[in-house]
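Remarks on the structure that follows.
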């Protein structure tokens, strides 16, 4: 993968912050060597964050972000400043641009406090140094430089300083390679349906394949329709089967129990988010009640297609799951009443009345052939963009809201549960920020793969490769 092809989420994000007219945009242009940002003497010229992907040696692929002035005024100005602060949630390293003639003001000090609170390494760039002439320069700290976007003074040194503060130890995390040994085989199950992009694999699949190949693991890609034949063809048992969450049910049935199974989504919540928190959050699926609102959040803004997983499939599956759970609970209560009647003198020779049909495997063990998570029939009249109620979801009043891209709500208090995508288009800081935000608000958060596995009754199996998460699951009594 070339530098130009490096996904934004894999790049170091460097944010330029400061008050209006400190010269942020001019400095961004000087650092990138391009007219990336619009420059003007008028305060507040930058109205939205501007991003530029580039290579910053010796750091490598980065995204440089120019932000609006943090001190912008008025109703519109406050919205701009809010967007600037929002950039902090996905900034890996910050540059605080100061006017060298004016020095640090209160807004600048508030920014440095935010950097430290969020553990963001930062540099201080005293811009417009060409205007100081012979004035004393007292910025002798290790993370501070006097620079001039106009003359180019110390721009190369600023790049080196940015690279130094942003340079992190090589990320020890892997997507899947640490679960296997060199020479192992991993089978990746990739459904090709109407929602699949033409002529390419989606980003999580590409990144997982590369992660495996870098570790000397063979990656064999197949559709779910050919999985049985693929497993039979292999002379060597695969070390891991990784599936798209949407086909978790059929893939689980086709994969022998002695072969570890998980999903791309589960791998990515471990890689970028918090797997343990997602496991805790999945338990909320068993406590949803009428009137609850579930937020379904995605990190990208892809074009919605028929039977979109976030806006169509997951709401339908969750309603089906809640409906099936209620039927099972009702059947169990009815069976308990009949058992009590038997014990009070009814015909004991029958051995009592069985509550729910245990052979079905519980709530999610009912017939899944219709394609619904819990086996309730999916309406054949479902059309693109609609959420038709099937016979299994009548009377279930679970409400859904949706967010995509960077529009993650600040106030999460109205939600009973958040179900997030794998976050392949978000960097680690942004994904972890969202998890912390949910935890701080007391709102359970899980992700697509964990939720779908829970609703299929196969969460325990899908967590097999992750002992710590499995112990957590056993401790809270979830599936």
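Every number here is computed from the coordinates shown, using simple stated rules; none is lab data. A quick note: this is a predicted structure, and the numbers were derived from the prediction, not measured. When we count neighbours, we look across all protein chains shown, and the Cβ atoms used for this are built from the backbone with ideal geometry, even at glycine.
The figures follow:
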| quantity | calculated |
| --- | --- |
| Distance between modelled label sites at residue 79 and residue 331, nm, 7 Å Cα→Cβ extension | 5.3 nm |
| Per-selection Rg to Rh, the stretch 177-271 - Cα, Kirkwood hydrodynamic radius | 0.93 |
| Percent antiparallel among DSSP beta bridges (both partners in the stretch 3-166, rounded to 5) | 30 percent |
| Convex hull of the stretch 58-154 built on C-alpha atoms - directionally averaged projected area, nm² | 7.4 nm² |
| Separation between Cα centres of the stretch 211-269 and the stretch 433-475, rounded to whole Å | 20 Å |
| Share of alpha-carbon pairs per 10 Å distance bin for the stretch 3-166, given as whole % | 11, 44, 37, 8, 0 |
